[in-house]
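For reference, the structure is listed below as structure tokens.
The values are calculated or read from the model by the stated rules, or taken from the named source; none is laboratory data. Note that the structure is a prediction, hence the values are computed from the model and not measured. We place every Cβ from the backbone using ideal geometry, glycine too, and count neighbours over all the protein chains shown.
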Amino acid sequence: MDFDDIVVKESPGLCRCCLSEGCYKDLSTEYTWMDDTEIYADMLLDCFDISISQHSEGPNGANRLICEVCVTRLRDACNFKKQVLASEKKFVDMIGRGAFKPKAVTYNVPIKSETILEVQPQETEVEYLEEGMEFADDDVLKDDIIGQTSTEDITVSTLPIKGKKGKPKKTVNKTEKKSCSKIVLVEKPKISKPLTKDKLSSPIKSERMIQYKKWKDGLVKLVTLIREYSTIIPFRWFYNKYYCFYCAEHFLDSKKLKQHTKEEHTGFIRNKLLRSLIKKNGIKLDISEIACKKCPKTIKSFEEFLEHIGYAHDVKYDSDVTQHCASFKLSDDGMGCIVCGQRFRFFGPLLRHVHKNHNNNNYVCEYCSQTFLLKKNLANHIKKVHKDENIFKCVECGKKFISAHTLDKHLTTDHKTFILQCPKCPEVLGSRYLKKRHLALVHDEKTYQIPCELCHKVYLSKSALVRHNLRVHVRERSFNCDICDYKSFTNNTLQDHKLKHYDVRAFECEYCKKTFQRKKNLQIHRRIHTNDKRCVCSECGKAFVQNTSLKLHLRVHHSIVKNDTSCL
């Protein structure tokens, strides 16, 4: 379609560059793309010297919007302009350095750094020029000598010196006929050239390899001592799962990890295999059941175990490699930091806490748990090492994401599209969680169901099951009210409780002016005025405003106790 045929509509969200609808980015707002910041109004001004006008009247009001297609074209144009300017600058610099001048022919014989010409007499017959003859000013002799300076011990018979125009002519005496000349190239000692970057880097690399080998040998010996003298269990953590240190099997529960390691990997393991298992990010150790296998000594920490085997069993090890070992006390009912005692329900937040507060490294890789000082270093690590995992690409705009969750969020917020379709029916879900919930509820997929061992409830994630156990079965109440004796499981529940002590009703209904303490109660109340009866009885078709009213109706009129599926 021609540009003149475009019909300008009055609906908001109008692109000021192509007059199309559906845009969401403002020209004067700063956005981040590929670790760079972009302001599209400045890019238009720098690249095309175009300034988009601003009007209070119009579809967008005072906002100046641009669509994603125009953003891509503008970004390509700016990059092309930068490329052209950079190429022009480089070309001019090469011209100034004389990079394109014709070069002399070189030979494989190494050129000496400096030569000294020394003339020595030699008895030979030389034919002299006749007296009074003139010759043109040429440089045949000079070029010949220079061209042969790259050879060694060259002997050249001299020609008589030619006379130059405008100067007195040289007269050759008879006594000089007996004399002759021999040109000998006497060289100075060769000056050693500085080593290149490659030559300098090779000893540094070899030194690093030696240090790395020493570090790895020390860790291999330490792991061997741990296996021989203690009940400590090494493990890995990858993407919210516990992984066996010796094989690729993973577990959701630390209890199953410990049981697997004790049953499957108690035998002898070669040092060659241990070397391949040790990575640069060190070793994680579970010391929840730490004890010495050689004696009944009670041990409480990893450092105490190392001291014990040193003086009690005369075991020697490299103490420098112990700083690459991080010890934890794993538990499925919550665990604490062994340094400061802060409690965590899951291992992921505990690991981030340890690296942030008790190590120099602040950023943790979500793939391999390796830590980094700077966020930029973490981004480069993910791009280089985990490039195979970086396969989550948006089909709409081409952006890449490091996880499926971030891709789904991008599709939902930026493109308003959902590509998660159920593999067993044509229904399309809004997120991966909803897809798992749909498969678990509608199609009864057992792989997505994690049942509670103490009751009939089923959950989709390990974290939800742990919260359920702590809330219902353990009855953990960590948040206390400072006015009364009320205790709650979460801080949000505590804040809702505190509203009872203060008669503050900040939420008012716009229909009947009734006030509420909580926003959720106001939203449920609004359904009465809008006739929103979203809870429908499957038996008789009667609709209700709240789900609790529907459950009561099912019990009274149909003798049905509705299963509590809110946990899913």
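Does V395 meet the test of being of a type in the set (V, I, T), surrounded by 14 or more Cβ atoms within 10 Å (Cβ to Cβ) and modelled with pLDDT of 75 or more?
When the stated conditions are applied, V395 does not pass them.
Determine if segment 471-490 includes at least one residue that is under 35 Å from the mean Cα position of the chain (by Cα) and either of a type in the set (D, E, K, R) or assigned to a helix (DSSP H, G or I) (or both).
No, segment 471-490 contains no residue that is under 35 Å from the mean Cα position of the chain (by Cα) and either of a type in the set (D, E, K, R) or assigned to a helix (DSSP H, G or I) (or both).
Is it true that some residue in segment 99-120 is under 30 Å from C397 (Cα atoms) and either modelled with pLDDT of 75 or more or hydrophobic (A, V, I, L, M, F, W, C) (or both)?
no
For residues that are in a helix (DSSP H, G or I) and surrounded by 13 or more Cβ atoms within 10 Å (Cβ to Cβ), tally how many sit in segment 433-451.
Residues meeting the conditions: 10.
Output yes when any residue across segment 486-507 is among the aromatic types (F, W, Y), surrounded by fewer than 15 Cβ atoms within 10 Å (Cβ to Cβ) and over 29 Å from L434 (Cα atoms), and no when none is.
Yes: segment 486-507 contains one or more residues that are among the aromatic types (F, W, Y), surrounded by fewer than 15 Cβ atoms within 10 Å (Cβ to Cβ) and over 29 Å from L434 (Cα atoms).
Test K284 against the stated conditions and say whether it is within 30 Å of L252 (Cβ to Cβ), in the same structural domain as L222 (by TED's automatic domain parsing) and not small (G, A, S).
Answer is yes for this residue.
Only one of (1) among the polar types (S, T, N, Q); (2) at pLDDT 85 or above; (3) more than 17 Å from D496 (Cβ to Cβ) is not met by T515, so which one is it?
(3)
Search segment 536-556 for residues being closer than 25 Å to N492 by Cα and outside any loop (DSSP other than H, G, I, E, B), and hand back the single one that is farthest from the chain's Cα centre (by Cα). Spell out how you get there, then give the answer.
Here is the first cut: in segment 536-556, the residues closer than 25 Å to N492 by Cα are 545-549.
This time we only want the ones that are outside any loop (DSSP other than H, G, I, E, B), so: 547-549.
Values: N547: 44, T548: 46, S549: 49 Å.
The qualifying residue farthest from the chain's Cα centre (by Cα) is S549.
For segment 263-293, give me the residue count where each residue is farther than 16 Å from K329 by Cα and in contact with a strand residue (DSSP E or B) (Cβ under 9 Å, 6 or more places away or on another chain).
Within segment 263-293, residues that are farther than 16 Å from K329 by Cα and in contact with a strand residue (DSSP E or B) (Cβ under 9 Å, 6 or more places away or on another chain) number 8.
What is the residue count in segment 309-334 for residues that are buried (at least 19 other Cβ atoms within 10 Å of the Cβ) and either among the aliphatic types (A, V, I, L, M) or more than 27 Å from K279 (Cβ to Cβ) (or both)?
4
Which residues, counting only those in segment 247-297, are in a loop (DSSP other than H, G, I, E, B), of a type in the set (A, V, I, L, M, F, W, C) and more than 20 Å from S327 (Cβ to Cβ)?
Selection gives C247, A248, L252, F268, I269, C295.
Could you identify the single residue in K520, K533, K500 that is in a loop (DSSP other than H, G, I, E, B) and closer than 30 Å to R345 by Cα?
On the way: K520 fails: in a loop (DSSP other than H, G, I, E, B); K533 fails: closer than 30 Å to R345 by Cα.
Exactly one residue qualifies, and that residue is K500.
Could you count how many residues in segment 49-67 are surrounded by 15 or more Cβ atoms within 10 Å (Cβ to Cβ), touching a helix residue (DSSP H, G or I) at 6+ places or on another chain (Cβ under 8 Å) and of a type outside the set (A, V, I, L, M, F, W, C)?
Of the residues in that region, 1 qualify.
Take the residues in segment 402-432 that are surrounded by 15 or more Cβ atoms within 10 Å (Cβ to Cβ) and modelled with pLDDT under 75; name whichever of them is nearest to the chain's Cα centre (by Cα).
As a first pass, look at segment 402-432 and keep what is surrounded by 15 or more Cβ atoms within 10 Å (Cβ to Cβ): 402, 407-408, 410-411, 414-415, 418, 420, 422, 429, 431.
Restricting the remaining residues to those that are modelled with pLDDT under 75 gives 402, 408, 415, 418, 420, 431.
Values: I402: 8, D408: 19, H415: 24, F418: 26, L420: 26, S431: 24 Å.
Step by step, filter segment 402-432, then rank; the result is I402.
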